[in-house]
Structure formats: C-alpha cells, structure tokens
1. From largest to smallest, what semi-axes in whole angstrom does the chain give when each is the square root of 5 times an eigenvalue of its alpha carbon gyration tensor?
2. Could you list Lys5, Lys151 in order of exposure, starting from the residue whose Cβ has the fewest other Cβ atoms within 10 Å?
3. Say the dipole of the chain comes from +1 at the beta carbon of Lys and Arg and -1 at that of Asp and Glu; which of Asn63, Met1, Asn26 then lies farthest toward its positive end?
4. Can you put His148, His97 in order of Cβ neighbours within 10 angstrom, beginning with the fewest?
5. Too long at a 29 Å Cα-Cα cut-off: which of Lys16/Lys51; Lys117/Lys153; Lys16/Lys75; Lys5/Lys153?
6. When the helices in the chain are scored as -39500 (n - 2.57) per DSSP H run of 4 or longer and the sum is shared across all residues, what 222 nm value do you end up with, to the nearest 500 deg cm²/dmol?
7. Below 12 angstrom from the Cβ of Tyr44, what's the summed charge of the other residues (Lys, Arg +1; Asp, Glu -1)?
8. Among Ser66, Ser127, Ser137, which comes first, then next, by fewest other beta-carbon atoms within 10 Å?
Amino acid sequence: MYVEKAGTEDIEALVKMRLSYLTEDNGSLNAQDLAVIKRDLPGYFQSHLGKDLSVYLIRDGENIVSCAFLLTVEKPMSPAFINGKTGIVLNVYTCPHYRHRGCAKSIMEALLCDARKTDISVIELKSTEAGYPLYRSAGFMDDDSRYHRMKWKNQ
C-alpha cells in the first residue's frame, strides 16, 4: 500500500469520500445539508488543500479507497502545545471492501511522520469505538482534562 497526499486534481474524489464518511457516521444526510456540502466542499478543498489541510490517501488504481485529513492550526503557545502548532485529524475513512487490510494504519503512520517533520506539537482527534485500538497503537492517549468539551452551533 502506497500512501500519498491528495492534490487539487483529487477534489471531486475527496468530496465523495467525505460524503461517504459523513453518511456512515451520521446516517443519511438531510437534503438541505447534502446540497450545501456538495456545493461548498470543493471550494473549501481548493482553498485549504496543501496549505493548512493535508489529505493522506491510498488508491486502488485510479480510485481512492482510504483517506485521512490533517488540519493544521496555529494557536497562541501554551504548555499544552508549546510551539502553538497543532493538528486535528478528521475523516479517517476506508471504503468497506478495503477495511482490515492496514490502510488506515499506513495512513496514520505517514500522517504522524509528517507531523513530526513539521514540528506539530500535539494532534487531536475524536475516535469511534472501531477506530480506538488503531489510534491507541499509533500513540494517541485519552484526553483526560479538567475542562468540559463544549460547542456552540449557529442555527
């Protein structure tokens, strides 16, 4: 398995992979959300890919069969991320027929290798139960914090 980084020529396929991930993770998407994502996601990839977003992928022939996104964010320094450079792993997804063949493991190894080279001080992710053993084996730890995870959603 060969891991590579996506380029702008992969945007259409990345949109499909993102939609597959979102559908599997959330169940069916409502028509309005689906329309917005299909309309706006190509522009997001065009603006961010190769800048603050790296997408690692594995192909079978011309088809992308596995991917993971690494979003790099620079924050004000703190002891938790000493140089301020942090990463967020998103959209780790392997097409069902290719699962349990080591695709996600290979992608995570490449992603973490690049994170070390670019001096990212910490990487965060949210894990499903199915993905938890992979991330633990890659060196991720549970984030026990005195802070409550919260979010605000504009509706």
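1. Details: eigenvalues 116, 80, 59 Å².
Taking √(5λ) for each eigenvalue gives 24, 20, 17 Å, largest first.
2. With the sparsest Cβ surroundings first, the list reads Lys151, Lys5.
3. So the residue furthest toward the plus end is Asn26.
4. Sorted ascending by nearby Cβ count, the order is His148, His97.
5. Lys117/Lys153; Lys16/Lys75; Lys5/Lys153
6. Details: 4 runs with 55 residues, N = 155.
Helices in the chain give a 222 nm mean residue ellipticity of -11500 deg cm²/dmol.
7. +2
8. On the way: Ser66 25, Ser127 15, Ser137 10.
Ordered by Cβ neighbours within 10 Å, fewest first: Ser137, Ser127, Ser66.
Quick note: the coordinates plus some simple rules give every number you see, no bench work behind them. Please read all numbers here as calculations on a predicted model, not as lab measurements. Positions of Cβ are backbone-derived with ideal geometry, glycine not excepted, and every protein chain shown enters the neighbour counts.
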